[in-house]
Amino acid sequence: MRVVIAEDSVLLREGLTRLLTDREHEVVAGVGDGEALVAVVRELAARGELPDVVVADVRMPPTHTDEGVRAAVRLRADFPELGVLVLSQYVEEEYATELIAGSSRGVGYLLKDRVADVSEFAEAVARVARGGTALDPEVVAQLLGRSRKQDVLAALTPREREVLGLMAEGRTNSAIAAALVVSHGAVEKHVSNIFMKLGLAQSDTDHRRVLAVLTYLNS
């Protein structure tokens, strides 16, 4: 896959670049602030070379508040097909919700601590590039636990909520079955019930998984 990295820490940016290139992915650009991220992606798109995914720090110069996620939101509006994975030191609900809102594919929000697990991080980047989701378990716990989500939660059983939370992390049915120590068939049944209760009509299965998570988070 083709990746653009936006991270103001040169050391971390180079580390991410090495991590991905060692797995035979192509890092087509590395920048240190939000404006440079938007500029380079637009330049690549103009040449017909839109990357598959952007990996961006939430906080970058000049104010180190929300430049990264603002740039990510702008790019998603311009290029809905672009996968976006943001990294943050802490769970920042407002930023996570803003990035996820309106997205239909290819979105991720991970805590920087997850980068330490190289294989898990690389898989998360690839999953977002393919149009899937990669949400940190702590992000999922906070967003799905908000009281304003209770109307949606009321339709789901406790087990279905667990399954939905694991779906939000980007886990496959097999991985969910292993985590919950249940059969693959049981997970398929729970997923089907979630689709039905969230009013998601029959369509591409992977796309419905993303929509199930986003429907819940955006409710």
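Brief remarks on what is shown
- When Thr157, Thr133 are arranged by Cβ crowding within 10 Å, least crowded first, meaning fewest neighbours, the order is Thr157, Thr133.
- Between the Cα long axis of helix 158-168 and the first principal axis of the chain there is an angle of about 20°, rounded to the nearest 10.
- Taking the longest Cα principal axis of the chain as reference, the axis of helix 67-78 is set at about 70 degrees.
- Taking label positions 7 Å along the Cα-Cβ direction at both Glu35 and Leu12, the computed distance is 2.2 nm, reported to one decimal.
- Kirkwood radius, the chain, all distinct C-alpha pairs, inverse of mean reciprocal distance: 17.6 Å.
- Positive minus negative residues near Val118 (Lys, Arg vs Asp, Glu; Cβ under 12 Å): -1
- Length gained on full extension, Glu49 to Asp22: 7.6 nm, using 0.36 nm per residue less the C-alpha separation.
- Amide H within-cut-off set for Gly170, under 5 Å, with H built and near neighbours excluded: Leu135
- Each Cα pair under 8 Å and six or more residues apart adds its sequence gap; the mean of these over the residue count of the chain is a relative contact order of 16 percent.
- Order of Glu94, Glu162 under a 10 Å beta carbon neighbour criterion, fewest first: Glu94, Glu162
- The residues packed around Ala45, meaning those with a beta-carbon under 14 Å from its beta-carbon, carry a net charge of 0 if Lys and Arg are +1 and Asp and Glu are -1.
- MRE, 222 nm, helices only [DSSP H, n ≥ 4, -39500 (n - 2.57), over the chain, to nearest 500]: -15500 deg cm²/dmol
Bear in mind that the values in this text are calculations on the coordinates, not laboratory data. Note that the coordinates shown come from a computational prediction; the quantities given were computed from them, not determined experimentally. Neighbour counts are summed over all protein chains in view; Cβ atoms, including those assigned to glycine, are modelled from backbone coordinates with ideal geometry.
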